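The values are calculated or read from the model by the stated rules, or taken from the named source; none is laboratory data. Owing to the predicted nature of the structure, the values given are computational and were not obtained by experimental measurement. Heads up, the Cβs are rebuilt from the backbone with ideal geometry, glycines too, and the neighbour counts pull from every protein chain shown.
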Amino acid sequence: MIECIFTIDYEIYGNGNGSLRELVYEPTQRLMATFKEWDARFVTFVEAAELDKIEESRTDDSIAAVREQVRELHGQGFEIGLHLHPQWYNGRYEDGEWFLDKSEYNLCTLRRERIAQIVDRSVSYLREVLGEPGFTPLAFRAGNWLFQPTETAASVLNEKGVKIDSSVFKGGLQHGQKLDYRRALRNGYCWKFSHDVNEPDLAGSWIEIPVYAEMVPFWRMLTSKRVGLQNRGGVGGRSVRQRLNRALDFVRFKYPLKLDFCRMTLSELTSMMGRVIREDCETPHVYRPVVAIGHTKDLVDLRTVDSFLSFLRLNGVSVGTFADAYPKVLQERQES
């Protein structure tokens, strides 16, 4: 059984550039309308630190509309997950520009006490926005997919009630950040883990449902749509070291292509999902949660999203959320 879980990272550009209305609110309104036409729902990974700091600093008048939208999403059954770029919390806004704290770029490398402070503040912000003091997000996605070294951050998040991570993309490698998800290639569609997100552990209290990815020749990443969106936005100039590390990430025979419904063409999306469908026909008893990723700032092609949803419906693939997947994953793990 296949269940496609659409996830959207709800955020502006990584350097703080861009307006909430243009890059977050308006794309999400369009995506909500499209999904409601198909009677489907997606998971919104709300970047709580970013929104919290923007609101605190009063740098974008659209924060009120964004807050209302998050409440609307939650009220209409669109799951709210926690997404964190921790460098925002020590950030400052000067002369129309954000200066973020690069020393806190990776949540997992911080002290346990600092991780707990950041998680507590971000979850409290979501609770305040939603008007639900008892709200706890079921799922987490780390900023820039950085969920290594895993143990301390996973322990803190688990203590707060978070049960699912969706930061991994199999085969992922970032030399500059010491991220290495290549060992996850041998894992299935989801797995329980404890100390290391790469290593399945049947006794673990966490579940990893990774962003679905296939290993492909690196040149398949160079489509005009993908390159155009990459250049559209705003990560700013990279240093020589950053450019070198990025080049090293690509120096291998194959590279992970994520199931990205914003950056992929319809042909790419249907081809990738078609291979999962053929696999499912051979072993239909296996539960296959397939996580698709997108970013509000990249959401410029709703026609492709609509057509992909049509393809899934025609092929009998259900569309769900992590809340739908969680009990199925637990049951399958118990039976195995």
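Looking only at residues in the stretch 118-142 that are among the polar types (S, T, N, Q) and under 19 Å from the mean Cα position of the chain (by Cα), which one is surrounded by the most Cβ atoms within 10 Å (Cβ to Cβ)? Here the residue is SER122. Going by the conditions given, is PHE169 in contact with a Gly (Cβ under 7 Å, 6 or more places away or on another chain) and not hydroxyl-bearing (Ser, Thr, Tyr)? Against the criterion (in contact with a Gly (Cβ under 7 Å, 6 or more places away or on another chain) and not hydroxyl-bearing (Ser, Thr, Tyr)), PHE169 does not qualify. Evaluating VAL276 against the criteria (1) modelled with pLDDT of 95 or more; (2) crowded, with 17+ Cβ neighbours inside 10 Å; (3) outside any helix (DSSP H, G or I); (4) more than 20 Å from the chain's Cα centre (by Cα) leaves one unmet condition, (3). Among residues that are farther than 21 Å from THR136 by Cα, surrounded by fewer than 22 Cβ atoms within 10 Å (Cβ to Cβ), within 15 Å of the chain's Cα centre (by Cα) and touching a residue at least 24 places away in the same chain (Cβ under 8 Å), TYR93 is not included. When ASN106 is tested against the conditions (1) surrounded by fewer than 15 Cβ atoms within 10 Å (Cβ to Cβ); (2) touching a residue at least 60 places away in the same chain (Cβ under 8 Å), the lone failure is (1). Just so you know, in the stretch 82-104 the residues that are in a strand (DSSP E or B) and acidic (Asp, Glu) include one that is nearest to ILE8 (Cα to Cα), and it is GLU97.
Here is a yes/no grid of residues against (1) polar (S, T, N, Q); (2) in contact with a Gly (Cβ under 7 Å, 6 or more places away or on another chain); (3) assigned to a helix (DSSP H, G or I):
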| position | (1), (2), (3) |
| --- | --- |
| GLN117 | yes, no, yes |
| TYR125 | no, no, yes |
| PHE135 | no, no, no |
| ARG141 | no, yes, no |
| ASN158 | yes, no, yes |
| LEU185 | no, yes, yes |
| ALA203 | no, no, no |
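Within the stretch 32-51, is even one residue β-branched (Val, Ile, Thr) and either out of contact with any Asp or Glu (no Cβ under 9 Å at 6 or more places or on another chain) or without any contact (Cβ under 8 Å) to a residue 24 or more places away in the chain (or both)? Within the stretch 32-51, none of the residues are β-branched (Val, Ile, Thr) and either out of contact with any Asp or Glu (no Cβ under 9 Å at 6 or more places or on another chain) or without any contact (Cβ under 8 Å) to a residue 24 or more places away in the chain (or both).
Scan the stretch 70-81 and give yes if some residue there is assigned to a helix (DSSP H, G or I), small (Gly, Ala, Ser), surrounded by 16 or more Cβ atoms within 10 Å (Cβ to Cβ) and within 19 Å of the chain's Cα centre (by Cα), otherwise no. No: the stretch 70-81 contains no residue that is assigned to a helix (DSSP H, G or I), small (Gly, Ala, Ser), surrounded by 16 or more Cβ atoms within 10 Å (Cβ to Cβ) and within 19 Å of the chain's Cα centre (by Cα). Hey, can you tell me all the residues within the stretch 143-164 that are closer than 21 Å to LEU51 by Cβ and either acidic (Asp, Glu) or surrounded by fewer than 18 Cβ atoms within 10 Å (Cβ to Cβ) (or both)? Listed by number, the residues that qualify are ASN144, LYS160, GLY161.
The set of residues from the stretch 205-219 being within 17 Å of the chain's Cα centre (by Cα) and assigned to a strand (DSSP E or B) comprises TRP206, ILE207, GLU208, VAL211, ALA213, GLU214.
Considering the stretch 299-336, the residues that are polar (S, T, N, Q) and at pLDDT 95 or above include one that is surrounded by the most Cβ atoms within 10 Å (Cβ to Cβ), namely THR321.
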